[in-house]
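Novice: Dropping the structure in here first, questions after.
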Amino acid sequence: MYDILIIGAGVIGASVARELSRYDLNIAVLEAREDVATATTAANSAIVHAGYDCIPGSLMARFNVEGNGLFDEIKSELDIPFKRTGSLVLAFDDEDKRMLEKLFIQGEKNGVEGLEIISRDEVMDREPNINPNIKSALWAPTAGITCPYELTVAYMENAIDNGVKLFLEHTVTGLSKDRDGSFTVITSKGKFRALYIINCAGVQGDMISNMLGLEEFSIIPRRGEYLLYDRKYGNTVNSVIFQPPSRRGKGVLVTQTVDGNLLVGPNAEDITSREDISTTNSGLDYVYNMAKRSIPDLTRKGVIRTFAGLRAISDTGDFIIGPSTEIEGLFHVAGICSPGLSAAPAIGKELARIIGEHVGSLREKTDFNPYRCAIPRFKDLSLGEQQRLIDKDPRYGRVICRCETVTEGEIIEALHRSLPVNTIDGVKRRTRAGMGRCQGGFCTPRIMDIMARELHVSMEDITKCGADSNIVVGKIREKREREMKTI
Amino acid sequence: MRVQVDVAIIGGGPAGLAAAIACHDQGIQDILILERDRHLGGILQQCIHTGFGLHRFGEELTGPEYAHIFIDGVKDRNISYLLDTMVIEIRKDKIIYALNSEKGLIEIEAKAIILAMGCRERTRGAIQIPGDRPAGVYTAGMAQLLVNMEGYLPGKEIVILGSGDIGLIMARRLTWEGANVKMVCEIMPYSSGLARNIRQCLDDYDIPLLFNHTVVKVHGSKRLEGVTIAEVDSNRVPIPGSERYIECDTLLLSVGLLPENELSEGANVLLDEITGGPIVDEYRHTSVDGIFACGNVLHVHDLVDYVSEEAEIAARGVARYLKGDKSDSRISISHGAGIQYTVPHIISSRDEDVELFFRANGIYNDGMIQLTYGKDILYTKRYNHIVPGKMERIRIKKDILRQLDMEGNIRISWRQREDELSDEAHMYSLSTGM
């Protein structure tokens with residue numbers, strides 16, 4: 001019997017797990033997929049919003065601004081990438097200028113600090129590649145960029161280090177409330193029991209609540225498509241560049257990523273499938289053409305990857321955070337669409353507070369360790385630090401991914417951490433191996449070799465992203481025959 | 001670790017090996033090859049099919065056989081090389097930073113550098129095929145590595161997009177391994193691959209080659225389940241209604257090669273937007289003093305024989321450079337109608353005849369290649385046929401070069417036979433003995 005079962009290991013589930021791991025509780029996290037951060041968390045804009053575009057008084061407004069303020073602390077405790085780049089909302093015409101005024105006032109109400117409407121010339125000074133025909137812009141110095149899957153991995157590793165159990169590839173298929181007030185959770189790999197359930201299931205959030213016969217809310221999957229550019233184009237902008245919502249639509253953003261790429265997107269399309277993360281020609285064209293309004297010289301030449309992600313939009317129009325109105329012991333963290341990533345650190349803390357309120361009082365662990373160290377990122381070290389790392393472990397001297405300069409040492413480290421990884425995509429998300437301009441063309445077979453050796457699995461068993469996504473399907477004739485002979 | 005060398009060669013593939021040998025044979029003693037892979041020979045090691053060396057050695061060798069002639073040449077001459085060594089930075093003052101697990105960081109001070117890093121394949125992301133992102137979508141070269149180096153089969157039901165040579169070779173290789181290669185789709189109305197590969201790798205195995213076709217969508221959430229293909233119009237835009245779903249577990253991409261010049265750019269080497277490689281003179285000297293380039297890092301070649309030849313040209317350039325020979329001119333070469341690019345881009349000395357390599361930008365029949373200098377026609381050569389898939393060459397005599405201004409411009413263009421003006425052009429070239 002667990003005290004708490006968290007369903008879903010996206011950034012929200014991981015943040016909640018980590019914040020609750022401060023207390024003397026028996027906690028498990030159930031995740032349907034083969035790794036954490038594979039769905040909404042894996043494919044979004046990676047922006048820490050300032051918080052001026054949420055409706056004052058909403059949960060979105062509150063947790064966005066609070067969450068934003070927590071990122072410096074999270075960065076130093078969990079060793080995650082985060083950069084306060086600031087953001088600009090561009091006004092292209094008078095209608096947009098009125099919108100900036102509205103956003104400014106809204107931001108002030110939400111408690112966003114440092115907002116300023118700046119002139120065209122000031123914008124051009126900061127951002128020389130911006131469309132020179134803009135009128136003005138809203139400058140928000142507290143906005144920033146982070147890496148959502150790195151943040152999730154960091155939260156979950158820290159949670160595991162503090163005693164949380166993570167069960168990957170455990171799809172929740174049934175949920176019931178027992179007579180004694182506890183819950184039974186049926187998964188694809190067995191039953192779990194718990195006193196409290198926290199639903200962090202993202203786009204599946206309403207389906208979890210449906211399993212208990214509830215119809216408290218419903219989730220609409222909204223798909224957004226992106227273009228990711230080669231690092232050569234990363235310096236096109238210095239801050240996050242937004243377009244104001246207008247008659248033309250919500251607008252797309254242009255930003256540098258924490259890894260130095262340029263990211264452009266998303267569009268917004270409500271779809272019926274909760275799994276369809278395919279990109280479309282029309283979506284990508286729309287994103288590119290909209291982005292060109294902000295950056296007129298943008299071409300599609302430097303694109304190295306396109307992707308799409310789903311956002312979980314709730315029919316309430318706001319985040320849903322707190323106890324179920326119907327069932328005691330069930331807590332929802334649902335409808336966490338944008339600015340969910342920005343809000344994640346504050347949502348985790350809020351859940352700990354709410355659970356504490358319910359339980360009466362939570363006892364803090366004396367040995368809680370708030371710190372987590374990232375995998376060393378060889379490329380970003382100074383020459384001296386690089387040499388010291390190679391002296392300590394020569395495998396840091398062997399570059400496996402040429403495009404992103406990722407070493408064998410980093411990949412081996414990723415395979416053996418407290419939150420282990422056994423897929424090509426998992427290694428990629430943790431180390432950036434395969435994330436560069438050749439998209440794994442050179443390094444995938446070498447990463448497979450390392451994984452086979454380190455994890456004692458065969459090459460045929462290595463997958464891109466879990467069951468049924470094997471990279472190779474068998475051995476060639478010559479290899480089979482050779483192996484027969486050696487037997 | 002810190003070392004000083006006369007010539008540092010970045011890359012131990014066909015270009016680097018031939019450059020090293022030729023440098024040595026030019027009398028340069030202190031040469032160091034830096035190779036990122038675990039073996040010398042580069043991509044040739046995974047090209048186990050024959051067809052290499054026909055021009056150079058008069059016989060059809062496999063990739064490893066061709067490589068070994070040069071690897072032996074390097075070893076016979078005791079030329080130094082470092083394997084499993086990644087160059088992470090080249091500075092324009094010819095300081096190189098590299099690293100390997102044995103020596104850690106290595107700082108190399110070179111008098112001259114030869115860039116021979118080769119190229120990489122264009123990916124799905126680069127051509128932006130929409131759809132899902134499952135396992136089973138690979139570049140043809142990665143599939144070749146999996147099959148020929150690691151011994152694994154990437155899939156069983158295969159569609160190939162692009163008719164580049166590696167894709168054609170892989171169509172045959174995978175058929176031999178029992179896979180069903182369903183088709184090769186080529187967006188252009190012609191193939192960039194060699195005619196002999198189309199014959200020997202597709203026609204002989206009844207694998208259909210669909211011109212004017214491309215993949216418009218990828219399907220499958222885990223492993224590839226199928227692709228939607230469509231016919232394209234003359235602007236390469238898919239024709240609505242022509243879509244067809246093809247079931248397959250593997251999509252191989254053979255959609256072009258890109259010279260790998262990230263290190264070159266870091267050293268401020270100027271690149272040609274069309275080739276993606278450095279702008280060079282006839283000795284393959286780049287815009288940065290003492291940095292030379294050859295092989296596929298300079299422009300993508302159809303035959304390795306030409307890579308070796310180009311490496312030797314660069315080595316002669318390095319020898320001249322180390323001797324202190326200075327350039328005396330800067331004749332630029334521009335391309336007109338029908339020409340995609342030329343190498344070299346400029347001619348900086350007039351001591352020797354210069355071979356001008358060029359590629360057509362489309363298929364042209366029955367016409368001529370003309371070199372003009374202002375209004376003067378320097379040279380005309382008749383061609384029945386030129387295609388983008390075949391690199392062509394023209395030799396410009398030093399006597400002609402010496403008649404030109406030091407800063408002049410030679411223009412190379414294709415002319416259809418009907419716009420032939422007179423026999424004047426031939427007269428000129430005959431009189432100059434070209």
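The values are calculated or read from the model by the stated rules, or taken from the named source; none is laboratory data. None of these values were measured; they are calculated from a predicted model. A quick note on method: Cβ atoms are made from the backbone with ideal geometry, for glycine too, and the neighbour counts reach across all protein chains shown.
Novice: From the list A:Asn261, A:Asn289, pick out the single residue that is modelled with pLDDT of 95 or more, more than 21 Å from A:Val48 (Cβ to Cβ) and among the polar types (S, T, N, Q).
Specialist: A:Asn289
Novice: Is it the case that B:Gly151 is without any contact (Cβ under 8 Å) to a residue 24 or more places away in the chain, closer than 28 Å to A:Glu460 by Cα and within 13 Å of another protein chain (Cβ to nearest Cβ)? Outline the logic, then answer.
Specialist: Values: without any contact (Cβ under 8 Å) to a residue 24 or more places away in the chain: yes; closer than 28 Å to A:Glu460 by Cα: yes; within 13 Å of another protein chain (Cβ to nearest Cβ): yes.
For B:Gly151, the condition - without any contact (Cβ under 8 Å) to a residue 24 or more places away in the chain, closer than 28 Å to A:Glu460 by Cα and within 13 Å of another protein chain (Cβ to nearest Cβ) - is met.
Novice: Residue by residue through the stretch B:127-148, note down the ones that are within 18 Å of the chain's Cα centre (by Cα) and within 7 Å of chain A (Cβ to nearest Cβ).
Specialist: The answer is B:Thr139, B:Gly141, B:Met142.
Novice: Now for a separate question. Quick check, is A:Arg231 basic (Lys, Arg) and within 30 Å of B:Glu265 (Cβ to Cβ)? First the steps, then the outcome.
Specialist: Working: basic (Lys, Arg): yes; within 30 Å of B:Glu265 (Cβ to Cβ): yes.
It is true that A:Arg231 is basic (Lys, Arg) and within 30 Å of B:Glu265 (Cβ to Cβ).
Novice: Search the stretch B:282-298 for residues that are more than 20 Å from B:Glu352 (Cα to Cα) and pair each with any residue that is assigned to a helix (DSSP H, G or I) and acidic (Asp, Glu) when their beta-carbon atoms are under 9 Å apart and the residues are at least 6 apart or on different chains.
Specialist: B:Gly295/B:Glu310; B:Leu298/B:Glu310
Novice: Let me ask something else. Just to check your reading of the model, which residue among A:Ser418, A:Ser458 is more than 8 Å from chain B (Cβ to nearest Cβ), more than 24 Å from A:Met156 (Cβ to Cβ) and of a type in the set (Ser, Thr, Tyr)? I'd like the intermediate steps shown before the answer.
Specialist: Working: A:Ser418 fails: more than 24 Å from A:Met156 (Cβ to Cβ).
Testing whether each residue is more than 8 Å from chain B (Cβ to nearest Cβ), more than 24 Å from A:Met156 (Cβ to Cβ) and of a type in the set (Ser, Thr, Tyr) leaves just A:Ser458.
Novice: Follow-up question, since we're still on this one. Considering every residue within the stretch A:208-226, establish whether at least one is small (Gly, Ala, Ser), closer than 30 Å to A:Ala140 by Cβ, in contact with a helix residue (DSSP H, G or I) (Cβ under 6 Å, 6 or more places away or on another chain) and crowded, with 18+ Cβ neighbours inside 10 Å. Show your work before the answer.
Specialist: Of the stretch A:208-226, the ones small (Gly, Ala, Ser) are A:209, A:213, A:218, A:224.
Within this subset, residues satisfying the condition of being closer than 30 Å to A:Ala140 by Cβ are A:224.
Now narrow it down to the ones that are in contact with a helix residue (DSSP H, G or I) (Cβ under 6 Å, 6 or more places away or on another chain): none.
Within the stretch A:208-226, none of the residues are small (Gly, Ala, Ser), closer than 30 Å to A:Ala140 by Cβ, in contact with a helix residue (DSSP H, G or I) (Cβ under 6 Å, 6 or more places away or on another chain) and crowded, with 18+ Cβ neighbours inside 10 Å.
Novice: Here is a follow-up. Taking the condition of a type in the set (S, T, N, Q), within 14 Å of chain A (Cβ to nearest Cβ), crowded, with 19+ Cβ neighbours inside 10 Å and closer than 20 Å to B:Ile31 by Cα, does B:Thr123 pass?
Specialist: Numbers: of a type in the set (S, T, N, Q): yes; within 14 Å of chain A (Cβ to nearest Cβ): yes; crowded, with 19+ Cβ neighbours inside 10 Å: yes; closer than 20 Å to B:Ile31 by Cα: no.
Considered against the rule, which asks whether it is of a type in the set (S, T, N, Q), within 14 Å of chain A (Cβ to nearest Cβ), crowded, with 19+ Cβ neighbours inside 10 Å and closer than 20 Å to B:Ile31 by Cα, B:Thr123 comes out as no.
Novice: Please enumerate the residues belonging to the stretch B:203-214 that are at negative phi and away from every other protein chain (no Cβ under 12 Å). Explain how you work it out, then say what you get.
Specialist: Looking only at the stretch B:203-214, we keep the residues that are at negative phi, and these are B:203-205, B:207-211, B:213-214.
Within the stretch B:203-214, B:Asp203, B:Asp204, B:Tyr205, B:Ile207, B:Pro208, B:Leu209, B:Leu210, B:Phe211, B:His213 qualify.
Novice: Let me ask another. Answer yes if at least one residue in the stretch A:59-76 is assigned to a loop (DSSP other than H, G, I, E, B) and out of contact with any Pro (no Cβ under 9 Å at 6 or more places or on another chain), and no otherwise.
Specialist: Within the stretch A:59-76 (the criterion being assigned to a loop (DSSP other than H, G, I, E, B) and out of contact with any Pro (no Cβ under 9 Å at 6 or more places or on another chain)), the answer is no, since none of the residues qualifies.
Novice: Of all residues in the stretch A:290-305 being within 12 Å of chain B (Cβ to nearest Cβ) and closer than 26 Å to A:Arg247 by Cα, which is farthest from the chain's Cα centre (by Cα)?
Specialist: At the first step, the residues of the stretch A:290-305 found to be within 12 Å of chain B (Cβ to nearest Cβ) are A:299-305.
Subsequent filtering for residues that are closer than 26 Å to A:Arg247 by Cα retains A:299-300.
Numbers: A:Thr299: 27, A:Arg300: 25 Å.
For the stretch A:290-305, the residue satisfying everything is A:Thr299.
Novice: A:Ala91 passes all but one of (1) in the same structural domain as A:Ser294 (by TED's automatic domain parsing); (2) within 27 Å of the chain's Cα centre (by Cα); (3) under 20 Å from A:Lys250 (Cα atoms); which number fails?
Specialist: Evaluating A:Ala91 over (1) in the same structural domain as A:Ser294 (by TED's automatic domain parsing); (2) within 27 Å of the chain's Cα centre (by Cα); (3) under 20 Å from A:Lys250 (Cα atoms) leaves (2) as the failure.
Novice: Return yes or no: is B:Ile95 within 25 Å of B:Glu312 (Cα to Cα), within 13 Å of chain A (Cβ to nearest Cβ), surrounded by fewer than 24 Cβ atoms within 10 Å (Cβ to Cβ) and free of Cβ contacts under 8 Å to residues at least 40 places away in the same chain? It would help to see each step written out before you state the result.
Specialist: Values: within 25 Å of B:Glu312 (Cα to Cα): yes; within 13 Å of chain A (Cβ to nearest Cβ): yes; surrounded by fewer than 24 Cβ atoms within 10 Å (Cβ to Cβ): yes; free of Cβ contacts under 8 Å to residues at least 40 places away in the same chain: yes.
Yes, satisfied.
Novice: Return the only residue of B:Leu252, B:Leu257 being under 12 Å from the mean Cα position of the chain (by Cα), of a type outside the set (Asp, Glu), within 13 Å of chain A (Cβ to nearest Cβ) and within 20 Å of A:Gly441 (Cβ to Cβ).
Specialist: Values: B:Leu252 fails: under 12 Å from the mean Cα position of the chain (by Cα).
Result of the check over B:Leu252, B:Leu257: B:Leu257.
Novice: Can you pull out every residue in the stretch B:103-120 that is small (Gly, Ala, Ser) and facing chain A (nearest Cβ under 9 Å)? So that I can check it myself, show each step before the final result.
Specialist: At the first step, the residues of the stretch B:103-120 found to be small (Gly, Ala, Ser) are B:104, B:110, B:112, B:116, B:118.
Hit for the stretch B:103-120 is B:Gly104, nothing else.
Novice: Filter the stretch A:82-113 down to the residues that are more than 21 Å from A:Ser58 (Cα to Cα) and in a loop (DSSP other than H, G, I, E, B) and list them by number.
Specialist: A:Arg84, A:Thr85, A:Gly86, A:Phe92, A:Asp93
Novice: Filter the stretch A:420-453 down to the residues that are assigned to a loop (DSSP other than H, G, I, E, B) and either touching a Leu at 6+ places or on another chain (Cβ under 7 Å) or over 26 Å from B:Ser221 (Cβ atoms) (or both) and list them by number. Outline the logic, then answer.
Specialist: Initial filter on the stretch A:420-453 (assigned to a loop (DSSP other than H, G, I, E, B)): A:420-422, A:432-443.
Across the stretch A:420-453, the qualifying residues are A:Val421, A:Asn422.
Novice: To continue, here is another question. Please tell me if A:Val472 is in a loop (DSSP other than H, G, I, E, B), within 8 Å of chain B (Cβ to nearest Cβ) and hydrophobic (A, V, I, L, M, F, W, C). Let's see the steps before the verdict.
Specialist: On the way: in a loop (DSSP other than H, G, I, E, B): yes; within 8 Å of chain B (Cβ to nearest Cβ): yes; hydrophobic (A, V, I, L, M, F, W, C): yes.
Against the criterion (in a loop (DSSP other than H, G, I, E, B), within 8 Å of chain B (Cβ to nearest Cβ) and hydrophobic (A, V, I, L, M, F, W, C)), A:Val472 qualifies.
Novice: Shifting gears a bit: B:Ile386 - would you say it is buried (at least 19 other Cβ atoms within 10 Å of the Cβ) and touching a residue at least 60 places away in the same chain (Cβ under 8 Å)? Before the answer, list the steps.
Specialist: Values: buried (at least 19 other Cβ atoms within 10 Å of the Cβ): yes; touching a residue at least 60 places away in the same chain (Cβ under 8 Å): no.
Here the answer is no, as B:Ile386 does not meet what is asked.
Novice: Okay, next question. If A:Glu269 satisfies all but one of (1) within 24 Å of A:Pro148 (Cα to Cα); (2) among the charged types (D, E, K, R); (3) at pLDDT 95 or above, what's the number of the condition it fails?
Specialist: Looking at each condition in turn, A:Glu269 falls short on (3).
Novice: Please report, ordered by residue number, the strands (runs of 3 or more DSSP E) entirely within the stretch B:282-375 with at least 1 residues that are of a type in the set (S, T, N, Q). Write out each step before concluding.
Specialist: Details: elements: B:291-293, B:331-335, B:339-343, B:354-360, B:364-373.
Passing ranges, in order: B:331-335, B:339-343, B:364-373.
Novice: Restricting the search to the stretch A:156-183, which residues are surrounded by 13 or more Cβ atoms within 10 Å (Cβ to Cβ) and charged (D, E, K, R)?
Specialist: Going through the stretch A:156-183, the residues surrounded by 13 or more Cβ atoms within 10 Å (Cβ to Cβ) turn out to be A:156-172, A:175, A:177, A:182-183.
Listed by number, the residues that qualify are A:Glu157, A:Asp161, A:Lys165, A:Glu169, A:Lys177.
Novice: Among the listed residues B:Val227, B:Val255, identify the single one that is of a type in the set (A, V, I, L, M, F, W, C) and assigned to a strand (DSSP E or B).
Specialist: On the way: B:Val255 fails: assigned to a strand (DSSP E or B).
Result: B:Val227 is the single residue among B:Val227, B:Val255 that is of a type in the set (A, V, I, L, M, F, W, C) and assigned to a strand (DSSP E or B).
Novice: Restricting to the stretch A:339-362, name every residue that is modelled with pLDDT under 95 and either of a type in the set (A, V, I, L, M, F, W, C) or in a loop (DSSP other than H, G, I, E, B) (or both).
Specialist: A:Val359, A:Gly360, A:Ser361, A:Leu362
Novice: Would you point out the residue of the stretch B:167-188, among those that are in contact with a Ser or Thr (Cβ under 6 Å, 6 or more places away or on another chain) and either over 24 Å from B:Val387 (Cα atoms) or within 14 Å of chain A (Cβ to nearest Cβ) (or both), that is surrounded by the most Cβ atoms within 10 Å (Cβ to Cβ)?
Specialist: The selected residue is B:Gly167.
Yes/no matrix, rows are residues, columns are (1) crowded, with 18+ Cβ neighbours inside 10 Å; (2) of a type outside the set (Lys, Arg); (3) within 14 Å of another protein chain (Cβ to nearest Cβ); (4) within 30 Å of B:Gly336 (Cα to Cα):
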residue: B:Tyr190; (1), (2), (3), (4): no, yes, no, yes
residue: B:Cys201; (1), (2), (3), (4): yes, yes, no, no
residue: B:Val218; (1), (2), (3), (4): yes, yes, yes, no
residue: B:Leu224; (1), (2), (3), (4): yes, yes, yes, no
residue: B:Ser242; (1), (2), (3), (4): no, yes, no, no
residue: B:Asp289; (1), (2), (3), (4): no, yes, no, yes
residue: B:Leu303; (1), (2), (3), (4): yes, yes, no, yes
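Novice: Given the conditions (1) surrounded by fewer than 24 Cβ atoms within 10 Å (Cβ to Cβ); (2) within 24 Å of A:Thr279 (Cα to Cα), and given that B:Ala135 satisfies all but one, which numbered condition is not satisfied?
Specialist: Going through (1) surrounded by fewer than 24 Cβ atoms within 10 Å (Cβ to Cβ); (2) within 24 Å of A:Thr279 (Cα to Cα) one by one, B:Ala135 breaks only (1).
Novice: While we're on this one: Can you tell me which residues in the stretch A:259-279 are out of contact with any helix residue (DSSP H, G or I) (no Cβ under 9 Å at 6 or more places or on another chain) and of a type outside the set (A, V, I, L, M)?
Specialist: Result: A:Asp270, A:Thr272, A:Ser273, A:Asp276, A:Ser278, A:Thr279.
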